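Asks: Before I ask anything, let me first share the structure, which is written out below as structure tokens.
Computed from the coordinates by the stated procedures, all read-outs in this text should not be read as laboratory data. What you are looking at is a predicted structure, and each value in this text was computed from that prediction instead of being measured. With ideal geometry, Cβ positions are generated from the backbone for all residues, glycine too; neighbour counts draw on all protein chains shown.
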Amino acid sequence: MKLNFDRTEERVGFILRSTVHYLHVSLEVTQGEQALIEKNNWGDLPACTAVFIHTHGMEWTMFGKEFIGKTRKLGFKDFKQLTSAERQILESVEKLILKIEEDTDFAAGAS
């Protein structure tokens, strides 16, 4: 399993220019890990809750399945919001790794 983060920023607007901070997130998983995630519906667990630029100031919850095996571009008006979402995603992936390891250890012990 490999978690990838990339940060970029972009100036937007014609008259009142502002900076939008982007977090590009992807989680690469093996076929076995993908099968476990789908079997146990772990992709439906919340990965982070944040105020994304496209939600017009409303908090939005992003689920793990939204970036497993693909790259998502998340926009933020504030850099602190970006770092908070990044931290939440990292914690969620760490929990997912523990779940996969526990399930794998349980399956190995049962055989």
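Asks: Which loop-located chymotrypsin sites (Phe, Trp or Tyr not before Pro) does segment 1-82 contain, where loop means any DSSP state but H, G, I, E or B and the Cβ has at most 10 other Cβ atoms within 10 Å?
Replies: Phe14
Asks: Kindly identify segment 4-63 as rounded, prolate or oblate by the Cα gyration tensor criterion: order the square roots of the eigenvalues as a ≥ b ≥ c, call it rounded if a/c is under 1.5, otherwise compare a/b with b/c, prolate if a/b is larger, else oblate.
Replies: Here segment 4-63 falls in the oblate category.
Asks: Could you work out how far helix 79-110 tilts from the main Cα principal axis of the chain, as a 0 to 90 degree angle to the nearest 10?
Replies: It is inclined by approximately 10 degrees.
Asks: Shifting gears a bit: Please check the chain for the longest run free of trypsin sites (Lys or Arg not before Pro) that are loop-located per DSSP (anything but H, G, I, E, B) and have at most 12 other Cβ atoms within 10 Å.
Replies: In short, 18-69.
Asks: Rank Val29, Phe14, Leu90 by how far each Cα sits towards the positive end of the charge dipole of the chain (+1 on Lys, Arg Cβ; -1 on Asp, Glu Cβ) and give me just the farthest.
Replies: Phe14
Asks: Separate question: Size of the dipole of segment 2-110 about the Cα centre, Lys and Arg at +1 and Asp and Glu at -1 on the beta carbon, nothing else charged, in debye to 20?
Replies: 580
Asks: Of Lys70/Lys95; Lys77/Lys99; Lys39/Lys80, which ones are farther than 27 Å apart at the Cα?
Replies: Lys77/Lys99; Lys39/Lys80
Asks: Another question about this same structure. Can you show me the helix-derived [θ] at 222 nm for the chain, built from DSSP H runs with n ≥ 4 at -39,500 (n - 2.57) apiece and divided by the number of residues, rounded to the nearest 500.
Replies: -13000 deg cm²/dmol
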